1. Residues that are part of a helix (DSSP H, G or I) and within 24 Å of residue 122 (Cα to Cα): does the range 211-222 have at least one?
2. Contact list please: Cβ distance under 6 Å, first residue in the range 231-246 and assigned by TED's automatic domain parsing to the domain that holds residue 290 and within 16 Å of the ligand (Cβ to nearest atom), second residue modelled with pLDDT of 95 or more and polar (S, T, N, Q), pairs at least six apart or on different chains.
3. Of the residues in the range 194-216, how many are more than 16 Å from the ligand (Cβ to nearest atom) and either in contact with a Cys (Cβ under 7 Å, 6 or more places away or on another chain) or under 22 Å from residue 378 (Cα atoms) (or both)?
4. So which of 33, 27 ends up being of a type in the set (Val, Ile, Thr) and either modelled with pLDDT of 95 or more or part of a helix (DSSP H, G or I) (or both)?
5. Given the structure, is residue 96 of a type in the set (D, E, K, R) and within 15 Å of the ligand (Cβ to nearest atom)?
6. Which one of 175, 208 is of a type in the set (D, E, K, R) and modelled with pLDDT of 95 or more?
7. Failed condition for residue 430, given (1) hydrophobic (A, V, I, L, M, F, W, C); (2) within 23 Å of the chain's Cα centre (by Cα); (3) buried (at least 17 other Cβ atoms within 10 Å of the Cβ), with all others met?
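The values are calculated or read from the model by the stated rules, or taken from the named source; none is laboratory data. Nothing here was measured: the structure is a model prediction, and the numbers come from that model. We place every Cβ from the backbone using ideal geometry, glycine too, and count neighbours over all the protein chains shown.
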Amino acid sequence: MTAATDSNQTLFDRARKVIPGGVNSPVRAFKAVGGTPRFVARAHGAYFWDANGQRYVDYIGSWGPMILGHGHPAVVEAVQRALLEGFSYGAPTEREVELAEAILQRVPSMDMLRLVSSGTEAAMSAIRVARGATGRSKLIKFEGCYHGHADALLVKAGSGLATFGNPTSAGVPPEVVQHTLVLEYNNIEQLEDAFKLHGRELACLMIEPIAGNMNFVRASLPFMRRCRELCSQYGALLVFDEVMTGMRVALGSAQSVYARDIPGFEPDMTVLGKVIGGGMPLAAFGGKRALMEQLAPLGPVYQAGTLSGNPVATACGLATLKETGKPGFYEELSRKTKLLMSGLQTAATAEGVPFSTDSEGGMFGFFLFPELPQNYAKVMTTDNARFNKFFHGMLERGVYFAPALYEAGFMSAAHTEADIAATVAAASEIFQTL
Ligand code: PLP
């Protein structure tokens with residue numbers, strides 16, 4: 001295809017004139033992997049079609065929300081019905097209550113929650129509640145975890161535990177991140193040192209329990225146990241950012257996965273997004289009643305939103321959660337994810353390509369390393385050129401994995417064993433050339 005006949009390229013050229021980088025969220029621009037981003041014309045089930053009419057097996061699913069695949073009939077019907085009843089009211093609705101009840105039933109560590117429109121908003125608001133409730137300012141986050149683009153969270157590690165973070169984005173004043181301490185994921189010793197130094201000033205520790213923003217790296221059980229113990233000991237709140245893992249890795253989200261091995265395990269607050277909105281702008285943050293009652297109009301912590309709990313978004317979220325609540329849903333999703341991972345592993349091993357995989361429920365990651373990495377620094381030692389070759393080879397063969405090596409992948413209920421077999425066959429061809 002020449003540039004003149006490539007509708008993706010034509011659209012990208014047009015887009016770049018009116019939208020910075022041609023995209024409304026940076027990773028879509030293919031900057032990490034090079035080449036022309038695919039402009040999606042439509043999607044159905046496990047596939048989407050680009051502007052040239054090329055079909056792709058979709059393993060990003062809008063970066064997680066599309067757990068049922070695209071255009072699930074029950075969800076489409078619920079959204080259509082909701083649309084006819086009005087787009088937005090700015091007054092409360094029964095559906096918001098129903099969705100809150102459905103989420104709380106699945107994630108019982110929360111007594112109450114509030115609905116918002118994006119994961120960024122939810123994480124930012126959870127931190128505000130944590131600070132308001134504890135009367136403390138400082139917080140811990142981990143390198144490689146992403147919690148949205150709120151100023152205080154766009155931060156990388158300073159030069160030591162005594163120095164707090166440095167902004168990772170222009171436009172974030174250093175004073176705004178001066179309360180954010182960035183630590184290495186899965187490093188217990190550093191965690192203990194940080195609490196020894198700053199424990200009594202910490203409002204919260206925010207963590208992606210299974211980090212999906214450095215590919216797929218889980219917090220080890222000893223590390224998670226220590227996070228819980230130290231937060232309790234020092235009176236800091238343990239905040240789980242489950243925007244990606246929430247109802248994606250299990251019905252009860254990642255916290256239920258940890259509770260299997262750590263009896264009674266619970267975070268103090270949880271941040272959700274993606275799946276709970278089924279592809280519509282919807283997210284939530286919640287926790288124990290005493291914490292959530294700090295929020296306005298009951299308490300002194302202010303937070304609000306014109307489109308929060310939007311009636312169309314809540315209809316979409318409710319219909320999605322109803323499907324995921326059916327018996328065996330996560331078992332089947334998990335079986336297919338494992339099938340894909342074991343297929344890729346076998347194909348890589350057969351060609352002598354160092355490879356490792358991990359997955360939970362419908363979320364997965366694979367690495368061009370023989371062993372699973374434990375932190376961001378290790379993930380970032382991936383051979384970029386090799387990853388890009390793999391990515392573009394798959395794309396040419398009609399398989400769309402995340403266009404960056406530090407992103408997780410997502411299975412949906414709509415993917416078939418035939419899709420998985422075709423993916424593995426395509427990968428096998430590429431592994432021969434790596
Ligand atoms: N937290 C996590 C773990 C995420 O993966 C993301 C987005 O990918 C966010 C927060 C921010 O969510 P949003 O993009 O909806 O603002």
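1. Checked against the condition, which is being part of a helix (DSSP H, G or I) and within 24 Å of residue 122 (Cα to Cα), the range 211-222 yields no hits at all.
2. Pairs found: 240/255; 240/270; 242/253; 242/270; 245/253; 246/253.
3. Qualifying residue count, the range 194-216: 1.
4. Answer to the check: 27.
5. no
6. Result of the check over 175, 208: 208.
7. (2)
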